1. Which of the following residues is open to solvent by 60 Å² or more (accessible area, probe 1.4 Å), assigned to a helix (DSSP H, G or I), over 30 Å from E59 (Cα atoms) and polar (S, T, N, Q): T234, T239?
2. So in the stretch 361-393, with the set limited to residues that are open to solvent by 20 Å² or more (accessible area, probe 1.4 Å) and closer than 17 Å to K326 by Cβ, which one is farthest from the chain's Cα centre (by Cα)?
3. Residue check: is E509 exposed (fewer than 15 other Cβ atoms within 10 Å of the Cβ), of a type outside the set (S, T, N, Q), in a loop (DSSP other than H, G, I, E, B) and within 23 Å of the chain's Cα centre (by Cα)?
4. Residue by residue through the stretch 489-506, note down the ones that are open to solvent by less than 70 Å² (accessible area, probe 1.4 Å), modelled with pLDDT under 95 and assigned to a helix (DSSP H, G or I).
5. What's the number of the condition V311 fails, among (1) open to solvent by less than 70 Å² (accessible area, probe 1.4 Å); (2) more than 30 Å from E538 (Cβ to Cβ)?
6. Answer with yes or no whether D446 is surrounded by 15 or more Cβ atoms within 10 Å (Cβ to Cβ), closer than 29 Å to E321 by Cβ and charged (D, E, K, R).
7. Report, ordered by the first and then the second residue, all pairs with beta carbons closer than 7 Å, sequence separation of six or more or different chains, a first member in the stretch 269-286 that is closer than 12 Å to K318 by Cβ, and a second member that is open to solvent by 30 Å² or more (accessible area, probe 1.4 Å) and not small (G, A, S).
8. Against the conditions (1) on the phi > 0 side of the Ramachandran plot; (2) of a type outside the set (V, I, T); (3) in contact with a strand residue (DSSP E or B) (Cβ under 9 Å, 6 or more places away or on another chain); (4) open to solvent by less than 70 Å² (accessible area, probe 1.4 Å), where does D229 fall short? Just the number, please.
Amino acid sequence: MKVIRGKGVFGAVAIGKIAFYKRRDAKVTREKSENPDKEKLRFEKAKQAAVSQLDSLYEKALREVGEANASIFEIHKMMLEDEDYNESVMNIIESQQVNAEYAAAVTADNFAEMFSSMDDEYMKARAVDVRDISNRVIRCLNGDEEFSDNSNGEFIICSDDLTPSETVTLDKDKVLAFVTKYGSSSSHTAILARTMNIPAVIGAGEELDESLDGKIAAVDGFTGIVYIDPDAETLHMLTEKQEEARRKKELLQSLKGKDNVTLDGARIDIFANISGTGDIGAALVNDAGGIGLFRSEFLYLESEDYPDEQVQFSAYKKVLESMAGKKVVIRTMDIGADKQIGYFGLDKEDNPALGYRAIRICLTRQDVFKTQLRALMRASVYGRLAIMFPMITSLDEVKEIKSILEEVKKELKSEGLEYSDNVEIGIMIETPAAAVISDILAPEVDFFSVGTNDLIQYTLAVDRQNPKLERFCNTHHEAVLRLIKYAAKSAHKHGKWIGICGELGADTELTEQWLKMGVDELSVSPPFVLEVRSRVREIDLTQSRE
């Protein structure tokens, strides 16, 4: 038996045969062309074919892994239309008088090298994307058909890493687990595995090679260990673990319709985080009590230009109607940092996470901000709406937001357009500044929602996009917990409620601490709603206080 250690990114067990992903790299040879215009036309036609394929992939991803993960293919389409990318291809065709395939391949190499050399982890990840879209165009130029998975049986898929296109193209019903040599917990493979509830191990290293193809393996997504040709004792242990996970899943299903109440009677709301209207079904199926975070920026990520008021109104109206009177907390756009959009024309920044993003864009581009607020207020008559604002650091920002919102209400009233007077206004506590002055901010708003991902990043000075820093990112750090506790105390002192919508909300090791702090709401990814409910119902705060 051989043991390979990596990092588990979804806790589950899979036992089966290894299948190494057979990557079909586009073959390219340099050929002289006497007709550059013809090659340019070939490139344009191939690009259109690639866009059509990306549209199909987006629809498939939308059905299988939700709007948030599908948005990568919208970004790929935008990259295909990037002016610098296209100019490079056209220039190489013209100046070197070569075939379009070669020009696209050289451009991919140059851009990938440029992205890889950048310090910013988000931009480094674009190296994979530019190779992915260029390979797609080259395959279209060669007349190759889109890859389809026609294999029979279920497999543990192994690879050095997988591009977004490759992961979505795979038939998820045939994937028992993912194991990759490289990658981080924020890689596309890791995100997909968590979304699909498939065990996955990343960072397995060079021991994971193609000589293992066809061998029997057991993947323990809890510990990050992969057992090659497991012995009888290991198989028995993992089979027991697998069965225990199955029983737990059945037990969780039995909790549908039950209250989120501790043994001593303390109650808490458990809501769902969603990234678009395509995720509403997942929230309802998992019995979420409401929507604690609707990430509105995906309306912008999926558009080729600023989404107008009507497009946004329709999306907000749909989620409010679908939740049938349950609370829906919609976050205004959090653009910038790791969510770059071409048509916003944002400058390159040395520290984008600390830069021009979220509410800072809204307050300096008030026309864009007002369009969103108008759509939100118009939709408010169709359900129970709460609006929250990200990246707050000062009282002045909150007062300016409220002033702009009042202007929007006056505009709507003068135009004879309806809106609700019962919309709750809240802010995200995701900067240490907001947590420290939460006692000053609380009187100005109706609620707080703690964005733990950014709060951890800013408090510990750890870039959460950088896989090299994972060992330094202590998500249970006392400093982070103290900031949240103080924010909860400030909220309750002024009669306001506080929730947690970051990943720590789903960390059941901290559920009891959240309840002790008086956190009123936990908003988690839909698959974790019942798991958190189960943990809440096991806690006795009377005993913990004693």
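1. Working: T234 fails: open to solvent by 60 Å² or more (accessible area, probe 1.4 Å).
Within the list T234, T239, the selection yields T239.
2. This residue is V381.
3. Numbers: exposed (fewer than 15 other Cβ atoms within 10 Å of the Cβ): yes; of a type outside the set (S, T, N, Q): yes; in a loop (DSSP other than H, G, I, E, B): yes; within 23 Å of the chain's Cα centre (by Cα): yes.
In short, yes.
4. L504, G505, A506
5. Condition not satisfied by V311: (1).
6. Details: surrounded by 15 or more Cβ atoms within 10 Å (Cβ to Cβ): yes; closer than 29 Å to E321 by Cβ: yes; charged (D, E, K, R): yes.
Criteria met by D446.
7. From the stretch 269-286, the pairs are T277/K318; G278/L62.
8. (4)
The values are calculated or read from the model by the stated rules, or taken from the named source; none is laboratory data. Note that this is a predicted model, so its numbers are computed, not measured. So basically every Cβ, Gly included, is an ideal-geometry build from the backbone, and we count neighbours across all protein chains shown. Note: accessible area is taken over every heavy atom of the protein model, side chains too, but ligands, DNA and RNA are not part of it. Shrake-Rupley method; radii C 1.70, N 1.55, O 1.52, S 1.80 Å.
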